[in-house]
Each structure stands twice: as structure tokens, then as C-alpha cells.
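Below is one structure; the comments refer to it alone.
The values are calculated or read from the model by the stated rules, or taken from the named source; none is laboratory data. If you're wondering where the values come from, they're calculated on a predicted model, not measured in any experiment. Reconstructed Cβ throughout: ideal geometry from the backbone, glycine too, with neighbour counts over all protein chains shown.
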Amino acid sequence: MSENKTINGGRLLVDCLIAQGCDRVFTVPGESFLAVLDALHDSPGVQTIVCRQEGGAAFMACADGAMTGQPGVCFVTRGPGATNASIGVHVAFQDSQPLILFIGDVDRSMRDREGFQEVDFGMMFAPLAKQVLRIDDPARIPEYVARAWSTAIAGRPGPVVVAVPEDMLLDTVSGIAPRPAVVRPAQASCPDAMGVIMALLEDAAAPVAIVGGAGWHGKARDHFTRFAEKIGLPVACAFRRQDALTNSSPVWAGNLGYGPNPKLVERIRQADLILAVGARLGEATTDGYDLITPDHPGQTLIHVHPDPEELGKVYRADLAICADMGEFAEAALMFCDDVVPFDAGEEAHCEWLDWTTAAPAPHRLDLAALVTAMRGIYPDDSILCNGAGNFSGWWHRYWHYNGFPAQLAPTAGAMGYGVPAAVAAALRHPDRQVVALAGDGDFLMNGQELATAAQYGCDLTVILVDNSAYGTIRMHQEREFPERVSGTALANPDFAALARAFGGWAVRCETTAEAIEALKDARQRKGLRLLHLVIDVEQLSAGGATVSGLRLRTRPA
């Protein structure tokens, strides 16, 4: 044990991470934390995943934290490494994902001289992280690691940044032991408040629940499903939280965010009671704070969240409850016996089923038809990972997310997330099918992480949608400045050849039939597989937007 001998700070830091339950770290190596890399060499219980760019490494750690509920751990070097990794910190914050980013820093004696690659991390990460720490004394490593771990998982989970000076990691200490593993506080719901909730539900004529977000986990999912089904409560999810409830549930109403079912939108508008559990009710979920306004006149809002600082921050809540999501869901199931069941849950589910039934489209490669076919080829507990872009909308609308976790997608809207997240998912769940969804612009932001996937033998499929454009921006461009294409066209490589260069199996598809056959083929294979789907930019969104349609709509009569 490290407390019985003299060791350096790097060894103690790794021992402290192991004590907290860390079994995997993602890194791009730097000379500023060689002592940590050396300690990892002798730590077989911790898998070290060497990535190709710090943004990809941080995204992998984000996704790992989202799947486990424990902090994803990432190590990068100062300056360029930290700035590259900052995108992962931003995503972890907005997505409420536990993450600890360790940054190897300049020697303590060189601080504040603008040394090589020096950055003031306290200033840089202050608006992006829950907390920014710096360890200058190796004897305090156990304290700081436990604090970082606790902060990352408590309340609204999020990122913690820890700077570790290079010379501090080389200093030796003795008689210092790692702290025991910290546990996320699980606050129960107040019984009186639960009674008030049930009374409000009993009086409501058109209630709706919106779920998913901070602290949502398997227990919350299971108990809330049983509660909602028992009283017939329609359940929608916040933006990109589509695995918060199994989509086959008879009360599942669908997803909010970009391109939602108009009938679901109207149901939310007409609701007299909204039960928001875990959701922050952010901009995307509420369509710019318009679908549900911060003061929501005529609607009763019950807001349940694990972080007291979130309650009342933006939305006026008629009843605010600070509780663990699982504890609340379990209490809701126990207290709901006297609530007369609603018919609305079944109605909302039927509306969602209609919404996810694809109509024939004239495109050579019809993405709606492809996703529909994919539901019969890949198991419904597959883990789908995507970055940002209109391409993801077809899966958000037509895929049925029935597993948990089953959706890794940044609510922060960061491009380049899908491939790194799929690598993390394939490592964490090697027994499940993992699919990375990417657009052409999205893929090339972190496509180099296919090398990481190949290096560690990841079993995953990449579905790459190529319309030779930044399609989402092109859609907005055609809406605001029709027929004036500027800055959105892309000249792309042969993506299938690129995947083969990484050692994967790949195929190029230009029709729906070719794509469906390729999916069937990929499903039977192992390792890295990539489908390069070539579509026309005319097919802009799952909602039916087309270039020609937008231009026609904006032309004067």
C-alpha cells in the first residue's frame, strides 16, 4: 500500500484514483505528467486509453461518465492539450456529466512567468467547470482527488478541472494513504411534498411529465416507468434524453428539442400541470423558453432536481423538490395509489408511434426508410452515439431507444462527439452493439479516433452521412439568405477508403437498398465497420426541409 512506503506524487495520484473506483483513463500523453504515466504502467486495474487528440479524449471521458454515473477521467498536458480538451469540459457541464480533467502544469517555480505553454487554468475554466483545483503539495493529493470526485458526482453532476504541476508529481511523500471512496448523496423526497404532488395530479386534467437529465439512472428509469404507467401519465423526455424511459412503454410520448412531434408540442402547450424530473428545461427542450416559459402562466410546474441551485434559477416552480432521481421515482410509485389513472398516456404513445412511422420519400437514399429498416437489423438495446448536425434528427425521430444507456449525444450541440463516445461505449459495454452516427463535417472533427478504436479492438459501427455540406448551417442559410451558399460547402475524402486505412471494413452506399444491405452485412461482422452513405444536400432534415422547398418559400409571390 502506498501509505507504507515512499512514493512520488504521480504514484499517489493514481492510487487515489483507484481507491475512488477509477478503472479507465483517457489520455494524450504529455511530458508534464510522466510520473502519472509511469504509475499507470504498474496499475493493471486501470486501463489507459491513448487517444489521438485531446478533444476526442475528453469526449470519451464525458461519455464514460454518462454511462457509469462516476467521473470519466482524462489526462492532458498544459496549453494546447488543455485548450483542445476544453470542449469536453463544456459538454460535460451543459450535459450534467461527471468528469475530471487532470492537466499537467508547469513547475511550481515557473508559475506566473508565462512559461512554456503556461495557462491560468483558474481563469480559463472558471465558466466551464463546477470547480477548478490545483495541487501544489503532494501530501494533499488524497484530499484533492476525493474533493474532485465528490464535486463531480454531487448535485448536478459536472466537470472538475485539476492542475497538477510537473515537479509536484515527482516530489516524494511517505505515510500518506488514499481516502476511501466517496459516495454520491442520495437525498430522499419529503413525504409531505409527495402528498402534495399526488393531490395536484389528482386535480389535473391534462398533466405531462418531462424527464431525463442530471442524476438520471437505471433506478430512476425503472421506478418512474412503473409510476407513469400505473397512472397513465404521458412522459416526454428532454432534448437528447431519449433513453430516459423505454420507448416501448405505453405512456412514452416522445422527445422534445429540435424537430419534435407537433402533436407533442401541442400537448405540452395545453398541459395544466408539468412534472419536470431531472430536466433543467433548457433552451433546446423548451424551444427557446417559449414552449414552457419561465413563468408558465396557466400551468402548474413541479420541478424535481438533485441540485438546489438549479431549482428556481430560471423557472418559477409551484413546487420545487430537491431529491435524488431514483429516490423520487421510487417514492412516486409508493404514493400514487389514490391517483385516478389518465387516458392521455396511451393517446400520447399512439401519437408518437404515428410520428415515428416513415412515409415514402423520393430520395435515392432515404434516411427515414433506412432507420426504419435498421430497427429490424440492430437490437433495440444498441447504444447510439452522435455529435451535432441535422443527420442525427432521423435517428432521434425514427429510432426506438429501449436500452439503457442507449443514447450518447451532446445536449450542448458539440460536433465531433459521436465517434469518441462510441469508442467509450464499446469499451464499457463490449457485449452490446454500438453505433456512431456522424455527418461528414461532424466526422472529420474527431474521425482520427478510429485509430483509437482499432488499437483497442473496439467493436462498433460508424454510419457516416455525407451530403458534402455543413447541412444544418446550410438549412439556416437557405432560410435566411436563399440561394446564397457561402461557407457551407465541403469537399470530402473517400470515407470508406479512410476507414479501411484504419483497418476497418467499409462500404459506400448511394441508394436505400444498398444501405440496408450494408447494414445487414455490418451487423454480422466484428471490429470496426463504416457505412459511407452519400445523400443529396436537398434532403436537409428529418422534418422534411429541402433546399428547393426553403427557396420556394422565401421567394416573393
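Of note:
- Only a single item in (1) of a type outside the set (Ser, Thr, Tyr); (2) part of a loop (DSSP other than H, G, I, E, B); (3) at negative phi; (4) surrounded by fewer than 22 Cβ atoms within 10 Å (Cβ to Cβ) is not met by Asn247, and it is number (4).
- Among the residues making up the range 171-187, those that are part of a loop (DSSP other than H, G, I, E, B) and closer than 17 Å to Arg11 by Cα are Asp171, Ser174, Gly175, Ile176, Ala177, Pro178, Arg179, Pro180.
- When Ala320, Ala271, Ala276 are checked against the criterion of being modelled with pLDDT of 95 or more, more than 25 Å from the chain's Cα centre (by Cα) and crowded, with 22+ Cβ neighbours inside 10 Å, Ala271 stands alone in meeting it.
- Of all residues in the range 135-160 being touching a strand residue (DSSP E or B) at 6+ places or on another chain (Cβ under 8 Å) and assigned to a loop (DSSP other than H, G, I, E, B), the one that is surrounded by the fewest Cβ atoms within 10 Å (Cβ to Cβ): Asp136
- Selection within the range 334-350: residues that are closer than 22 Å to His396 by Cβ and crowded, with 19+ Cβ neighbours inside 10 Å. The member of this set that is modelled with the lowest pLDDT is Gly345.
- Subset of the range 72-82 that is touching a residue at least 40 places away in the same chain (Cβ under 8 Å) and either surrounded by fewer than 24 Cβ atoms within 10 Å (Cβ to Cβ) or polar (S, T, N, Q) (or both) - its residue that is farthest from Gly30 (Cα to Cα): Gly79
- Evaluation of Met168 against (1) modelled with pLDDT of 95 or more; (2) in a loop (DSSP other than H, G, I, E, B); (3) not assigned by TED's automatic domain parsing to the domain that holds Thr225 (one fails), failing number: (2)
- Restricting Cys458, Cys509 to residues that are touching a residue at least 12 places away in the same chain (Cβ under 8 Å) and touching a Ser or Thr at 6+ places or on another chain (Cβ under 9 Å) narrows the list to Cys458.
- Complete set of residues in the range 515-536 that are under 20 Å from Asp366 (Cβ atoms) and free of Cβ contacts under 8 Å to residues at least 60 places away in the same chain: Glu517, Ala518, Asp521
- In the set Ala92, Ala82, Ala63, only one residue is under 22 Å from Arg140 (Cβ atoms), touching a Leu at 6+ places or on another chain (Cβ under 9 Å), outside the structural domain of Ser382 (by TED's automatic domain parsing) and not in a strand (DSSP E or B); that residue is Ala82.
Listed here are the residues, each with its yes/no results for (1) within 30 Å of Thr488 (Cβ to Cβ); (2) out of contact with any Pro (no Cβ under 8 Å at 6 or more places or on another chain); (3) assigned to a loop (DSSP other than H, G, I, E, B).
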site	(1), (2), (3)
Phe328	no, yes, no
Met334	no, yes, no
Glu346	no, no, no
His363	yes, yes, yes
Ala368	yes, yes, no
Thr372	yes, yes, no
Thr411	yes, yes, yes
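- Unique residue being among the small types (Gly, Ala, Ser), in the same structural domain as Glu266 (by TED's automatic domain parsing) and assigned to a helix (DSSP H, G or I) when the list is Gly122, Gly195: Gly195
- In the range 105-134, residue nearest to Val36 (Cα to Cα) [restricted to those that are of a type in the set (A, V, I, L, M, F, W, C), crowded, with 16+ Cβ neighbours inside 10 Å and without any contact (Cβ under 8 Å) to a residue 60 or more places away in the chain]: Leu133
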